[in-house]
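K.L.:
Questions regarding the structure given below will be posed in turn.
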Protein chains: 2
Amino acid sequence: MAKDKEFVKDITLQSEDFSRWYIDVITKADLMDYAPVRGCIVFKPDGYELWEACQRELDRRFKATGHRNAYFPLLIPESFFQKEKEHVEGFNPELPWVTQVGDDALEERLAVRPTSETIFGYMYSQWIQSYRDLPVLINQWANVVRWEKRTLPFLRTSEFLWQEGHTAHATQEEAMQETEKMLDVYTDFVENELAIPVIKGRKTPSEKFPGAVATYSIEAMMKDGKALQAGTSHFLGDNFARSFDIKFLDKDNERKFAFTTSWGMTTRIIGALIMVHGDDRGLQLPPRIAPTQVMVIPIGPAKARERVLTAAQEILATLASTGIRIKMDDRDDVSPGWKFNEYELRGIPIRLEVGPRDLDQSQAILVRRDTSEKIPVPLANLKEIVQSLLDDIQSSMLANARAFQRDHSKTVHSVAELLQVVRSEHGFALAGWCGDDACEAHIKTETGATSRNIPFDPPEHVSTCVVCNQEANHTVWFARAY
Amino acid sequence: MAKDKEFVKDITLQSEDFSRWYIDVITKADLMDYAPVRGCIVFKPDGYELWEACQRELDRRFKATGHRNAYFPLLIPESFFQKEKEHVEGFNPELPWVTQVGDDALEERLAVRPTSETIFGYMYSQWIQSYRDLPVLINQWANVVRWEKRTLPFLRTSEFLWQEGHTAHATQEEAMQETEKMLDVYTDFVENELAIPVIKGRKTPSEKFPGAVATYSIEAMMKDGKALQAGTSHFLGDNFARSFDIKFLDKDNERKFAFTTSWGMTTRIIGALIMVHGDDRGLQLPPRIAPTQVMVIPIGPAKARERVLTAAQEILATLASTGIRIKMDDRDDVSPGWKFNEYELRGIPIRLEVGPRDLDQSQAILVRRDTSEKIPVPLANLKEIVQSLLDDIQSSMLANARAFQRDHSKTVHSVAELLQVVRSEHGFALAGWCGDDACEAHIKTETGATSRNIPFDPPEHVSTCVVCNQEANHTVWFARAY
């Protein structure tokens with residue numbers, strides 16, 4: 001159709017320049033704007049709404065697994081960072097420091113939090129005295145700041161929004177279980193709400209969180225074949241407990257260090273949502289997370305307007321009453337064609353068209369955003385069919401993303417082959433790794449790919465290291481990454 | 001009762017030392033802890049949960065009045081503050097400045113936001129071009145920092161949480177309507193959800209927001225007779241529009257400055273909730289905002305435990321299914337008496353006791369937190385009676401707070417009388433005011449009371465200024481304030 005072609009012109013094609021496509025889409029869909037502060041964005045209402053939807057679904061899961069929300073201070077004294085050596089080294093270069101208030105210099109510099117293990121650690125040392133006080137299961141919704149060198153809207157910004165869970169446990173086993181449980185919670189959220197398939201696994205030592213014993217991640221594949229770390233869960237052992245003296249009197253009357261975990265998911269997940277599902281026509285939102293699931297567009301000539309609007313209002317009310325998130329665009333100063341394009345760009349899962357000829361036949365037209373299929377539906381069956389269509393779109397989006405990930409993943413046996421997969425074939429490479437940091441670093445230098453994680457459940461086990469050909473102790477996913 | 005007396009000992013009596021009572025209650029009810037950062041607190045889960053309840057109810061109202069949420073950067077360039085003269089003078093002394101990142105000095109200092117008019121103003125100047133872009137109705141949930149000299153948990157902390165609405169309109173009238181509408185939204189929330197009666201009015205010029213044309217507030221009376229400004233709504237005229245060049249092409253083809261508003265409510269409202277309703281036994285939460293409305297406490301001897309627990313579980317499930325927020329404390333290592341005290345302290349509106357003798361009579365005992373009244377209720381009627389009891393507690397808490405406010409408010413005709421009312425009688429004084437800053441300042445110096453607001457609807461109009469005896473242009477509420 002002419003209007004589609006005209007429309008496509010506005011957005012760079014994915015195949016032409018994926019990065020420009022991304023910026024075009026998030027700008028035109030009005031999700032964000034660049035802020036006048038280095039590397040920061042403004043989350044505009046349509047972008048922030050996506051985060052609110054993520055918050056709602058994550059928060060529900062956190063509470064269902066026994067966690068409660070709290071709020072800890074933004075500004076953290078410098079001395080706190082000094083207590084955990086790896087931690088301070090990891091974060092120091094990115095820390096913004098408050099050094100003055102009004103005209104007065106502060107005695108001790110305060111960091112704008114990049115993450116809150118240190119201040120949680122300090123408070124937990126005050127709160128935890130006995131095994132009866134454990135576990136402590138707290139989550140925080142907050143803003144954090146990390147002065148990253150290269151920034152990209154949603155994916156890597158100087159300030160971002162996230163949740164950070166911080167838990168303390170009596171035993172190592174229990175803390176490990178928590179670490180894994182929260183990785184499962186993230187997986188469930190990302191796969192079932194966002195329709196993004198992920199690879200669960202453990203980070204290599206060079207990629208783990210500064211101060212953690214082990215970091216676990218879920219990794220997703222974007223449509224350009226690059227990886228995005230969608231969530232992390234850290235087993236901190238007793239590292240932070242020792243640094244902050246989190247000790248408790250155990251049942252056996254001995255004073256012991258607690259074991260702690262932390263886990264986080266950030267607004268970068270919005271970037272993943274766009275890069276996994278978006279296409280040349282714009283965003284594509286999975287129905288379960290879409291703030292608006294159905295957009296009603298009344299069509300037809302002016303003389304039929306009143307009749308159509310009345311019917312459309314009725315449809316809106318009926319569907320809304322069943323919990324479907326539905327809106328109508330009944331403006332008469334823009335054409336239906338313009339609206340079709342607009343809501344395709346914005347990724348609304350279903351468009352519902354209704355005009356006088358439809359009403360004559362007691363029907364409406366549903367148009368799927370994912371397949372562009374047009375489905376005439378009797379008004380009497382609308383509720384059931386819209387609901388089942390939303391379910392169908394959700395599962396087929398996940399299935400498509402899964403197929404894409406599978407088709408762009410390959411086992412490799414040489415660095416040349418790895419380079420081929422991550423560069424030319426735009427995919428993930430599964431490779432053996434001896435466990436030596438040097439071999440991992442070599443891959444990064446030669447191919448630009450980093451180890452994503454050591455998957456819990458790899459499609460196969462590779463027996464020799466892709467670099468040194470020695471025995472592989474691990475099978476690892478490598479990819480270029482955001 | 002012996003246990004009550006024993007319990008009361010732990011909390012300073014309100015009549016003895018209201019400030020110590022407040023700290024005792026918020027500490028023992030586990031709402032907060034002092035953070036190791038000057039003037040900051042940690043919002044512990046039970047305290048944060050109150051904020052979440054406030055957020056839910058406010059957010060619902062904001063959205064119902066056409067506002068959408070967004071998120072703007074935390075760090076604001078120094079130059080932005082210079083653009084509005086009154087604004088920068090008002091906030092400068094309290095601003096924390098980020099001057100370094102890692103080891104590098106920044107070229108321009110960045111303020112940690114104390115409020116966001118400046119950055120909203122800048123972005124709005126980019127977004128608003130035509131009358132078609134107006135109104136812009138955005139709210140932000142955020143943390144802000146103001147380095148206050150004297151701090152008090154919840155009421156005044158260096159960092160606090162709030163929402164800040166920022167709107168832009170084509171005309172002065174529309175912006176004024178918005179300012180008033182949001183004051184009404186706050187009033188509705190505070191009176192109907194928090195059961196706190198408020199006085200709506202306009203701030204005197206000396207008490208208005210730096211940069212505003214007019215500030216409107218709702219003022220509440222705490223149980224010590226001091227005032228707490230519970231929410232403010234500012235009509236900013238075109239002040240910020242001129243400073244940030246927010247201009248639009250109007251229908252008449254002329255470029256005009258927009259008119260803006262801002263309005264905010266903060267976590268200090270939690271302090272109000274405590275100080276308006278709390279008593280010598282602890283917190284008292286209005287049912288509509290209480291995270292837990294009913295606490296089930298099984299009682300009776302060990303041999304009846306299984307029977308009682310089974311019945312209690314059933315009661316819990318039945319009431320929960322109707323949307324009542326209900327929990328059970330079935331621990332057997334603490335006594336029912338301890339639990340009674342604990343949940344009185346925590347302010348749960350209704351305690352539901354059930355023991356074997358109750359079950360023999362197919363009943364449970366409801367105990368009201370507000371009146372301590374014990375009400376035996378047939379199990380068959382529990383749902384209806386609990387719901388109506390919650391409604392009754394809600395309205396009687398509002399009525400009591402209203403009566404308290406009325407009984408502690410008095411019209412005065414001299415500064416001596418004003419001093420008497422705000423100091424000895426612990427109340428609000430209604431007085432005439434000529435409108436001269438000097439008279440207002442005199443009252444502050446002589447009595448410690450500040451003008452709270454010029455009420456829209458005063459109980460009476462006073463004709464002469466309480467200081468200079470000249471004609472009063474305004475009738476004003478004066479009180480000592482938090």
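The values are calculated or read from the model by the stated rules, or taken from the named source; none is laboratory data. Bear in mind the structure is a predicted one, so any value in this text is a computation, not a measurement. Here the Cβ positions follow ideal geometry from the backbone for every residue, glycine too, while neighbour counts run over all protein chains shown.
K.L.:
Would you be able to tell me the number of residues in segment A:98-142 that are acidic (Asp, Glu) and over 35 Å from the mean Cα position of the chain (by Cα)?
P.N.:
4
K.L.:
Would you pick out the residues in segment A:205-234 that are over 30 Å from A:Glu16 (Cα atoms) and in a strand (DSSP E or B)?
P.N.:
The answer is A:Ala214, A:Thr215, A:Tyr216, A:Ser217, A:Thr232, A:Ser233, A:His234.
K.L.:
Among the numbered criteria (1) over 20 Å from A:Pro36 (Cα atoms); (2) touching a Pro at 6+ places or on another chain (Cβ under 9 Å), which single criterion is violated by B:His87?
P.N.:
Failed condition: (1).
K.L.:
Right, another one. If you go through segment A:248-270 one residue at a time, how many are among the small types (Gly, Ala, Ser) and buried (at least 23 other Cβ atoms within 10 Å of the Cβ)?
P.N.:
Initial filter on segment A:248-270 (among the small types (Gly, Ala, Ser)): A:258, A:262, A:264.
Okay, now just the ones that are also buried (at least 23 other Cβ atoms within 10 Å of the Cβ), so A:258, A:262.
Qualifying residue count for the region: 2.
K.L.:
Pick from A:Leu283, A:Leu273: which is in contact with a Leu (Cβ under 9 Å, 6 or more places away or on another chain), outside the structural domain of A:Phe62 (by TED's automatic domain parsing) and buried (at least 23 other Cβ atoms within 10 Å of the Cβ)?
P.N.:
A:Leu283
K.L.:
Then there is this: Could you check segment A:121-138 and list, in sequence order, the residues that are more than 9 Å from chain B (Cβ to nearest Cβ) and not in a strand (DSSP E or B)?
P.N.:
Result: A:Gly121, A:Tyr124, A:Ser125, A:Ile128, A:Gln129, A:Tyr131, A:Arg132, A:Asp133, A:Leu134, A:Pro135.
K.L.:
Since B:Met123 meets every condition but one in (1) crowded, with 17+ Cβ neighbours inside 10 Å; (2) more than 26 Å from A:Phe72 (Cα to Cα); (3) touching a Ser or Thr at 6+ places or on another chain (Cβ under 7 Å), which condition does it not meet?
P.N.:
It is condition (3) that B:Met123 fails.
K.L.:
Tally up the residues in segment A:236-261 that are in contact with a helix residue (DSSP H, G or I) (Cβ under 6 Å, 6 or more places away or on another chain) and either more than 25 Å from A:Gly165 (Cβ to Cβ) or not charged (D, E, K, R) (or both), please.
P.N.:
Counting residues in segment A:236-261 that are in contact with a helix residue (DSSP H, G or I) (Cβ under 6 Å, 6 or more places away or on another chain) and either more than 25 Å from A:Gly165 (Cβ to Cβ) or not charged (D, E, K, R) (or both) gives 10.
K.L.:
Name the helices (runs of 4 or more DSSP H) wholly inside segment A:1-93 in which the number of residues that are of a type outside the set (D, E, K, R) and within 11 Å of chain B (Cβ to nearest Cβ) is 2 or more. Break it down stepwise before answering.
P.N.:
Numbers: elements: A:2-8, A:18-28, A:45-64, A:78-82, A:85-91.
It comes to A:45-64, A:78-82.
K.L.:
Next question, about the same structure. I need the full set of residues from segment B:94-106 which are outside any strand (DSSP E or B) and within 19 Å of B:Tyr122 (Cβ to Cβ), in order please.
P.N.:
Scanning segment B:94-106 gives a single hit, B:Leu95.
K.L.:
I've got another one for you. If I filter segment A:341-364 for residues that are of a type in the set (Phe, Trp, Tyr) and surrounded by fewer than 16 Cβ atoms within 10 Å (Cβ to Cβ), do I get at least one hit?
P.N.:
The answer is no, given that none of the residues of segment A:341-364 is of a type in the set (Phe, Trp, Tyr) and surrounded by fewer than 16 Cβ atoms within 10 Å (Cβ to Cβ).
K.L.:
What do you reckon, is B:His87 crowded, with 18+ Cβ neighbours inside 10 Å, within 26 Å of the chain's Cα centre (by Cα), over 30 Å from B:Val276 (Cα atoms) and not basic (Lys, Arg)?
P.N.:
When the stated conditions are applied, B:His87 passes them.
K.L.:
Moving on to the next point. Can you find even one residue in segment B:32-39 that is over 18 Å from A:Met123 (Cβ atoms) and either in contact with a strand residue (DSSP E or B) (Cβ under 8 Å, 6 or more places away or on another chain) or modelled with pLDDT of 95 or more (or both)?
P.N.:
no
K.L.:
Taking the condition of being over 18 Å from the mean Cα position of the chain (by Cα) and within 20 Å of B:Asp457 (Cα to Cα), how many residues in segment B:203-226 meet it?
P.N.:
Residues flagged as over 18 Å from the mean Cα position of the chain (by Cα) and within 20 Å of B:Asp457 (Cα to Cα) within segment B:203-226 amount to 5.
K.L.:
Here is a further query. Quick check on segment B:168-204: of everything there that is hydroxyl-bearing (Ser, Thr, Tyr) and assigned to a loop (DSSP other than H, G, I, E, B), which residue is nearest to B:Gly432 (Cα to Cα)?
P.N.:
Residue satisfying both the conditions and the ranking: B:Thr204.
K.L.:
A further question follows. Could we say that A:Ala304 is outside the structural domain of A:Lys44 (by TED's automatic domain parsing) and surrounded by fewer than 21 Cβ atoms within 10 Å (Cβ to Cβ) here?
P.N.:
Yes: the conditions hold for A:Ala304.
K.L.:
Return the pair list, or none, for Cβ contacts closer than 8 Å from residues in segment B:38-53 that are assigned by TED's automatic domain parsing to the domain that holds B:Glu193 to residues that are of a type in the set (Lys, Arg) and surrounded by 20 or more Cβ atoms within 10 Å (Cβ to Cβ), at least 6 apart or on different chains.
P.N.:
Every condition considered, the pairs that remain are B:Asp46/B:Arg346.
K.L.:
Quick check, is B:Gln394 among the polar types (S, T, N, Q), surrounded by 20 or more Cβ atoms within 10 Å (Cβ to Cβ) and assigned to a helix (DSSP H, G or I)?
P.N.:
yes
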